[in-house]
Amino acid sequence: MHKLLVTGGAGFIGANFVHYWLTQHPQDRLVVLDALTYAGNMTSLAGCLEQENFRFVHGDIGDQSLVETLLLEDGLDTVVNFAAESHVDRSIHGPDPFVTTNVVGTHSLLKAAKKVWLDGTLAGRPHRFHHVSTDEVYGSLAPEESPFTETTPYAPNSPYSASKAASDHLVRAYHHTYGLEVTTSNCSNNYGPYQFPEKLIPLIILNILEAKQLPIYGDGLNIRDWLYVDDHCRGIDLVLQKGRAGEVYNIGGNNEWRNIEIVQLVCTLVDEKLAASDTLRQRFPRSPVCLGHKAESLITYVKDRPGHDRRYAINAEKSRNELGYAPLESFETGIRKTIDWYLLNEAWWRGVMNGSYRDWLEKQYAH
Ligand code: NAD
Ligand code: TYD
């Protein structure tokens, strides 16, 4: 039995991980620590809060004494660190919180883990500090270049990826210098339920339903390697079970798509869904299909993101060979599941898309 501290567990991947873990490892205890920023939503944890082996704590990973208390009070042996500022566009407009949470916050978490697991009363007990990172730390690939491996040199280009790279280095250093038992996973772009609708796939789905423009940055030919979020959670599970301390594991879907192709695919699938259902057309009467148009008519090319990375792609051979990792979901099934989830969970996305998010989005597309 393990006792985990899941930071950022009310965010997109964190919440999916919590649901995944409670199903796969019902004997384990989970404590979620989340600051509930705009990206964290308690409703994403519906159904977990009532479970005896689950506890939610509203707090900041930068609060070292709180983290120490949690690790001690609950006798926790594992940290899985999802907590972060995660949106590249926000990092361009306001990098400060990215440094505060991703760099300084992760360092606080490392200090707390070191104090409790290496220096304190629990010293000598088995422990694991798993840090969830991104392929964006490796920079941008040219079309002919091979996908990122774990030894690709770091070359982060956005304040977001630079802050994640800094945190990855701190995690590595705490292993090398102090012997903290750490692992890090670098994953490609995730999609699936509970993703905040500022990221490409949910933004496109919801904008179609509300007949808003589908903004394509630049020429739309940037490439991302998309992975269904449950496959990321399974990858982290394998790293926790079989990964070697001090090692880094890439997790990816071998699933590269140009942005414009993704947007066109989502348009086609949402059009099909609405065309086939009177109920959906009644619920989303502004959607183009209800007026005899195609969702693609909403596609609008907008000014490119500054410093926009051209291509990401992950080589997950090490995870496959050492851990037996392979994604289970095909893109065909994963994208359909995701669209269905957003169609079924209107209360969730209406709940998260209010206030500051709307203001921010409107400013973003004012050009
Ligand atoms: P998210 O923005 O949806 O969620 C982040 C969560 O962290 C939120 O619940 C937020 O409230 C919480 N949080 C933020 N600052 C905090 C703080 N100081 N203390 C405690 N909690 C705080 O992010 P996500 O997409 O779920 O990403 C989770 C992790 O996975 C991040 O570290 C991200 O870098 C990494 N990652 C994301 C992707 C992706 O495609 N989304 C891909 C690879 C890696
Ligand atoms: P995003 O979901 O923000 O993830 P990341 O920047 O971390 O890869 O964006 C995915 C890709 O889609 C990226 O190349 C930027 C592009 N994009 C758009 O073209 N339009 C949009 O409205 C958004 C949010 C992203």
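Throughout, read-outs are computed from the coordinates displayed, never taken from laboratory work. Being a predicted model, the structure only gives us computed values, none of them experimental. Because the Cβ atoms are built from the backbone with ideal geometry, glycine has one as well, and the counts that use them run over all protein chains shown.
Things to note:
- Each of the peptides 189-199, 242-252, 296-306 was scored by the mean count of other Cβ atoms within 10 Å over its residues; in descending order, highest first, they stand as 189-199, 242-252, 296-306.
- Sorting 205-212, 337-344 by their mean Cβ neighbour count within 10 Å, with the most densely packed peptide first, gives 205-212, 337-344.
- Whichever lysines have a C-alpha closer than 27 Å to that of residue 115, once near sequence neighbours (fewer than 8 apart) are set aside: 3, 164, 242
- Helix-derived mean residue ellipticity, 222 nm - over the chain, DSSP H n ≥ 4, -39500 (n - 2.57), to 500: -11500 deg cm²/dmol
- Cβ charges +1 (Lys, Arg) and -1 (Asp, Glu), total dipole of the chain, debye: 220
- Of all DSSP beta bridges in the chain, antiparallel share, percent nearest 5: 10
- Over the stretch 173-249, volume per residue of the alpha carbon convex hull, in Å³: 124
- Spatially proximal aspartates and glutamates relative to residue 199 (Cα-Cα < 12 Å; intrachain offsets below 8 disregarded): 89
- Going from the fewest other Cβ atoms within 10 Å to the most, the residues 293, 127 appear in the order 293, 127.
- Temperature 20 °C, viscosity 1.002 mPa s: under these conditions the Stokes-Einstein estimate for the stretch 90-164, based on its Kirkwood radius over C-alpha pairs, is 147 µm² per second.
- The HN-Hα couplings worked out from phi for the stretch 170-185 by the Karplus form 6.51 cos²θ - 1.76 cosθ + 1.60 (θ = phi - 60°) are 5, 4, 4, 5, 5, 6, 4, 7, 10, x, 4, 7, 10, 9, 10, 10 Hz, whole numbers, x standing for Gly and Pro.
- Across the stretch 73-139, Cα pairs under 8 Å and at least six residues apart give a relative contact order of 48 percent.
- Kirkwood estimate for the stretch 247-296, i.e. one over the average of 1/r between Cα atoms, Å: 12.8
- Kirkwood analysis of the chain, using all unique Cα-Cα pairs, places the hydrodynamic radius at 21.1 Å.
- Long-range HN-HN contacts of residue 79 with modeled amide H, under 5 Å: 5, 128, 129, 130
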